[in-house]
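Below: one structure, written as structure tokens.
The values are calculated or read from the model by the stated rules, or taken from the named source; none is laboratory data. Note that the structure is predicted; figures quoted are calculated from it, not measured. Note that each Cβ is placed from the backbone with ideal geometry, even for glycine, and that neighbours are counted across all protein chains shown.
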């Protein structure tokens, strides 16, 4: 998921996507530990996606806070 797609999401959708991505990341780590993961770069990609989502969530919260003041 690219940042352009992430910017279209609202706060609730972002939080849901973050939760889903964290669960997926945990599953990937378990698969790697049990030697079932073929492509270990998926873990790195998932971590980057989570970081992008959290960055956008922080931006939206900051914008919301500024608009309330």
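Here is a list of conditions, (1) within 14 Å of the chain's Cα centre (by Cα); (2) modelled with pLDDT under 95; (3) part of a helix (DSSP H, G or I), and residue 64 meets all of them except one; can you say which number that is?
Here residue 64 clears every test but (1).
For the stretch 32-61, which residues satisfy the criterion of being over 20 Å from residue 2 (Cβ atoms), out of contact with any helix residue (DSSP H, G or I) (no Cβ under 9 Å at 6 or more places or on another chain) and assigned to a helix (DSSP H, G or I)?
Residue satisfying the conditions is 33 alone.
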